[in-house]
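The values are calculated or read from the model by the stated rules, or taken from the named source; none is laboratory data. Computed from a predicted structure; not experimentally measured. Cβ sites come from the backbone with ideal geometry, for glycine too, and all protein chains shown count toward neighbours. Note: areas computed on protein heavy atoms with side chains; ligands, DNA, RNA excluded. Shrake-Rupley method; radii C 1.70, N 1.55, O 1.52, S 1.80 Å.
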Amino acid sequence: MPKKKKRAPRVAIVAADFNASIVEAMIAAAADELRKQGASLFRDPIRVHGSYETPLVASQLLARRDVDAVVVLGYIERGDTQHGEVMGHVVHTALVNLSIEHGKPVGLALIGPGATITQAEDRKDPYARAAVRAALRALHAVALAR
């Protein structure tokens, strides 16, 4: 009996539009990396205003049977207050908890908190690509663990 062909992993992207010029480049890099890794993009990236809104959308996507993993993209810039740092911790914690709750990986490419625009420019491509690879590798590891 022939082996059933394994389908490509379906990965959704959630992107924070705040600092759109950085995030647009991150979306392009993540989509390119998905193709290179043999995964498929689950519909167009879903955009939210800022990083704070990403966990709610990620939760909905992770609950879907037709989504295997989620990649979250954003940039939390350096500000004059601790707002970005607090928000970054809350968002990171929420996304990790959602990954555990749903048993599906979340690849995280949130530059910052506290990054300068120069740092974000340098990191936008490698962070987005690394988030895709991390989600796909975790997906494989979860399958082995089951």
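Consider segment 19-28 and keep the residues that are closer than 20 Å to R133 by Cα and in contact with a strand residue (DSSP E or B) (Cβ under 9 Å, 6 or more places away or on another chain). The one that is most open to solvent (accessible area, probe 1.4 Å) is E24.
For segment 54-90, filtered to residues that are in contact with a His (Cβ under 8 Å, 6 or more places away or on another chain) and in a helix (DSSP H, G or I), the residue that is surrounded by the fewest Cβ atoms within 10 Å (Cβ to Cβ) is S59. Scanning segment 81-109 for residues that are of a type in the set (V, I, T) and under 22 Å from R123 (Cβ atoms) yields V86, V90, V91, T93, V96, V106.
Note on segment 74-84: residues that are more than 10 Å from A115 (Cα to Cα) and charged (D, E, K, R) amount to 1.
Exactly one residue out of T118, T93 is without any contact (Cβ under 8 Å) to a residue 12 or more places away in the chain, open to solvent by 30 Å² or more (accessible area, probe 1.4 Å), over 24 Å from E24 (Cβ atoms) and hydroxyl-bearing (S, T, Y): that is T93. From the list H89, H83, H102, the one residue that fits, being more than 11 Å from the chain's Cα centre (by Cα) and modelled with pLDDT of 95 or more, is H102.
Inside segment 1-48, residues that are modelled with pLDDT of 95 or more, assigned to a loop (DSSP other than H, G, I, E, B) and farther than 15 Å from A69 by Cα make up a count of 0.
Of all residues in segment 32-53, which are closer than 20 Å to P105 by Cβ and either touching a His at 6+ places or on another chain (Cβ under 6 Å) or of a type in the set (K, R) (or both)? Of everything in segment 32-53, those that are closer than 20 Å to P105 by Cβ and either touching a His at 6+ places or on another chain (Cβ under 6 Å) or of a type in the set (K, R) (or both) turn out to be R35, K36, R43.
If you check V48, V11 for being within 20 Å of L136 (Cα to Cα) and open to solvent by less than 30 Å² (accessible area, probe 1.4 Å), only one passes: V11.
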